[in-house]
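Below is the structure I would like to discuss, written out as structure tokens.
The values are calculated or read from the model by the stated rules, or taken from the named source; none is laboratory data. Owing to the predicted nature of the structure, the values given are computational and were not obtained by experimental measurement. We place every Cβ from the backbone using ideal geometry, glycine too, and count neighbours over all the protein chains shown. SASA here: full protein model, heavy atoms, side chains in, ligands and nucleic acids out. Shrake-Rupley method; radii C 1.70, N 1.55, O 1.52, S 1.80 Å.
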Amino acid sequence: MNIILFGPPGAGKGTQAENITKSFNLYKVSSGDLLRIEVSKKTDLGNEIKSTIEKGALVSDKIINNLIIKILADKKFYNRLIFDGYPRNLDQAKSLNLFVKKYDQKISCVISLNVSKELIIKRILGRQTCTKCGLIFNEYFKPANSENHLCGTKFLVKRSDDNEKTIFKRYKTYLDKTLPILEHYKKLNLLHEIEGKSEIDKIFVEISRIIASLEA
Ligand code: AP5
Ligand code: MG
């Protein structure tokens, strides 16, 4: 099965995608992480992507779809993907439909994390990511400590788009471009909505129930 994790910036998509890969036989495809890898290479393309991300806008569909199709074409991941941050607009959703058909796969469900704007701002401003292991922490909600993180504090960084000015732009982009996708998946009967304001573990229990019901 392939699953889409949907939600506004800071909803907890990356956090839950990580939990899902630990418990289910699925691979995480985070379009944001793939783009940040490209940025870290400091190529012309990476610099162009960096500037788009820091404006809170969407990177071009062509760049994103090229990254995604390579993964869907890889037999290692056949029908076992969890998408975090993709698709991000209706054209990407339509492209994804074509790609899954082309590689004889399917989208089994879309899990949407509903979180208010006020809460996501606090979550984003408190976020810390480890550059060594990739784990996501939060100064307010999930501080890194010696039990949950072995790499040490020196690898914890803030993302360059996690500032107040960019958050508002990212949220507007989400409302204008990304939110309309939900209606598309609702019509296809694939949508599961989850209250995303509760604790990480409780949300994961709900997500696990949904995935288990698909596996049954
Ligand atoms: P991307 O990296 O995808 O960012 P995003 O969608 O804005 O989402 P975030 O990563 O900010 O949040 P999240 O939902 O993953 O939350 P997290 O689990 O970290 O994209 C970045 C940029 O790349 C985009 O703006 C765009 O420019 C570009 N891009 C990416 N994909 C694209 C695409 N398909 N097309 C075009 N452009 C694209 O959690 C947030 C914080 O909250 C963490 O600190 C976490 O510890 C904490 N937290 C999580 N859950 C809870 C909880 N339940 N309670 C308390 N704290 C929690
Ligand atoms: Mg994320």
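Per residue, how big is the convex hull of the chain when only Cα atoms are used? Give it in Å³. Write out the running numbers ahead of the final one.
On the way: hull volume 27.0 nm³, N = 216.
Convex hull volume per residue, Cα atoms: 125 Å³.
Using the 2.2 N^0.38 Å rule of thumb for compact globular proteins, work out how segment 61-112 stacks up: its C-alpha Rg over that value, please. Write down the numbers at each step before the final one.
On the way: Rg = 10.3 Å, N = 52, 2.2 N^0.38 = 9.9 Å.
For segment 61-112, the normalised Cα radius of gyration comes out at 1.04.
With r defined as the distance between the Cβ atoms of Lys76 and Leu98 and R0 fixed at 30 Å, what FRET efficiency is calculated, to the nearest 0.05?
0.90
At 25 °C and a viscosity of 0.890 mPa s, what translational diffusion coefficient does Stokes-Einstein give for segment 116-157, taking Rh as the Kirkwood radius over Cα pairs? Give it in µm²/s as a whole number.
Working: Rh = 10.6 Å.
Translational D for this selection: 232 µm²/s.
Another one. Along the positive direction of the dipole of the chain (beta-carbon charges: Lys, Arg +1; Asp, Glu -1; about the Cα centre), which of Ile63, Cys151, Leu98 reaches farthest?
Of the options given, the answer is Ile63.
Here is a further query. Stretch Lys55-Asp201 to full length: gain in nm at 0.36 nm per residue minus the Cα-Cα span?
On the way: separation 146, 0.36 × 146 = 52.56 nm, distance 3.21 nm.
Roughly 49.3 nm would be gained on extension.
With viscosity set to 1.002 mPa s and temperature to 20 °C, compute the Stokes-Einstein D of segment 30-99, Rh being the Kirkwood radius across alpha carbon pairs; µm²/s, no decimals. If you can, show how the numbers build up before the last one.
Numbers: Rh = 12.7 Å.
Using the Kirkwood radius from Cα pairs, D works out to 169 µm²/s.
Considering only protein heavy atoms and a probe of 1.4 Å, how much of the accessible area of the chain is carbon and sulfur, as a whole percent?
54
Taking only protein heavy atoms and a 1.4 Å probe, what accessible area per residue, in Å², does the chain have with all protein chains in place? Each step should come with its number before you reach the end.
Working: 11660 Å² over 216 residues.
Computed with neighbouring chains in place, this is 54 Å² per residue.
Between Glu139 and Glu183, what length comes free when the chain is fully extended (0.36 nm per residue of separation minus the Cα-Cα distance, one decimal in nm)?
Numbers: separation 44, 0.36 × 44 = 15.84 nm, distance 3.42 nm.
Roughly 12.4 nm would be gained on extension.
Quick one: check the C-alpha center-to-center distance for segment 84-157 versus segment 1-51, whole angstrom.
Between the Cα centre of segment 84-157 and that of segment 1-51, the gap is 6 Å.
Got a sec to turn the phi values of segment 127-142 into Karplus ³J(HN,Hα) couplings, 6.51 cos²θ - 1.76 cosθ + 1.60 with θ = phi - 60°, whole Hz, x for Gly and Pro?
After applying 6.51 cos²θ - 1.76 cosθ + 1.60, I find 6, 10, 10, 8, 6, 8, 9, x, 5, 10, 10, 8, 4, 8, 10, 8 Hz.
What list of ³J(HN,Hα) values in whole Hz, one per residue of segment 187-201 in order, does the Karplus curve 6.51 cos²θ - 1.76 cosθ + 1.60 (θ = phi - 60°) give from phi, with Gly and Pro shown as x?
Listing the rounded values in order: 4, 7, 6, 10, 8, 10, 9, 10, 6, x, 8, 7, 6, 3, 5 Hz.
Compute, for the chain, the length of the dipole vector about the Cα centre, with Cβ point charges of +1 (Lys, Arg) and -1 (Asp, Glu) only. Units Debye, rounded to 20.
On the way: 37 positive and 25 negative charges, 79 e Å.
The dipole magnitude comes to about 380 debye.
Multiplying the sequence separation of Thr43 and Asn148 by 0.36 nm and subtracting their Cα-Cα distance, what value in nm do you get? Let's see the in-between values first.
Working: separation 105, 0.36 × 105 = 37.80 nm, distance 3.39 nm.
Between Thr43 and Asn148, full extension yields an extra 34.4 nm.
I would also like to ask the following. What list of whole percents do you get for P(r) of segment 8-61, with Cα-Cα distances grouped in 5 Å bins up to the one holding the largest distance?
Bins of 5 Å from zero give 4, 18, 23, 20, 16, 12, 6, 1 percent of pairs.
When the helices in the chain are scored as -39500 (n - 2.57) per DSSP H run of 4 or longer and the sum is shared across all residues, what 222 nm value do you end up with, to the nearest 500 deg cm²/dmol?
Numbers: 9 runs with 102 residues, N = 216.
Helix contribution divided over all residues of the chain: -14500 deg cm²/dmol.
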